[in-house]
Amino acid sequence: MVTDRLKPLTVHGRTVHQIGLPFHWGPNGISTGDAANELMAIALDPNAHIQEDKALTADIRPGRRPRGPDLPKLVAEYRRRAGVTETTGMENRT
């Protein structure tokens, strides 16, 4: 949902948009969708060893994240656009 409640910031002359993300989505309940933990990279806080998602960058696209065979295609497109050329051996996992 796009809202006017989170106003863009100006940082060093550049407009930076803020994103609010509910952490307790999931497949059940009133508001369903991808869980926030599935949408972000996993990095642990070095002291408390909890997921460190206080600040991140994002490439927002309209629509839902694809499922099934279309999901690896989306990931491959993001990797291509980001210039990621290394492979980790996890690309063919299902």
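Cβ-Cβ distances below 7 Å connect no pair with a first residue in region 1-13 that is of a type in the set (Ser, Thr, Tyr), a second residue that is open to solvent by less than 100 Å² (accessible area, probe 1.4 Å), and a separation of six or more residues or different chains. Cβ separations smaller than 8 Å between residues 6+ apart or across chains give the following pairs from region 41-70 residues that are open to solvent by 100 Å² or more (accessible area, probe 1.4 Å) to residues that are in a loop (DSSP other than H, G, I, E, B) and at pLDDT 75 or above: Leu44/Ile50; Ile60/Ile19. Go through (1) at pLDDT 75 or above; (2) open to solvent by 70 Å² or more (accessible area, probe 1.4 Å) one by one and return the number of the condition Ala76 breaks. Checking Ala76 against (1) at pLDDT 75 or above; (2) open to solvent by 70 Å² or more (accessible area, probe 1.4 Å), the one that fails is (2).
Looking at the structure I just gave you, is Gly89 at pLDDT 70 or above and either more than 17 Å from the chain's Cα centre (by Cα) or assigned to a strand (DSSP E or B) (or both)? So Gly89 fails the test.
The values are calculated or read from the model by the stated rules, or taken from the named source; none is laboratory data. None of the values given here were measured: they were computed from a predicted structure. Here the Cβ is made from the backbone with ideal geometry for all residues, glycine too, and neighbour counts use every protein chain on show. Just the protein is used for accessible areas: all its heavy atoms, side chains included, with ligands, DNA and RNA removed. Shrake-Rupley method; radii C 1.70, N 1.55, O 1.52, S 1.80 Å.
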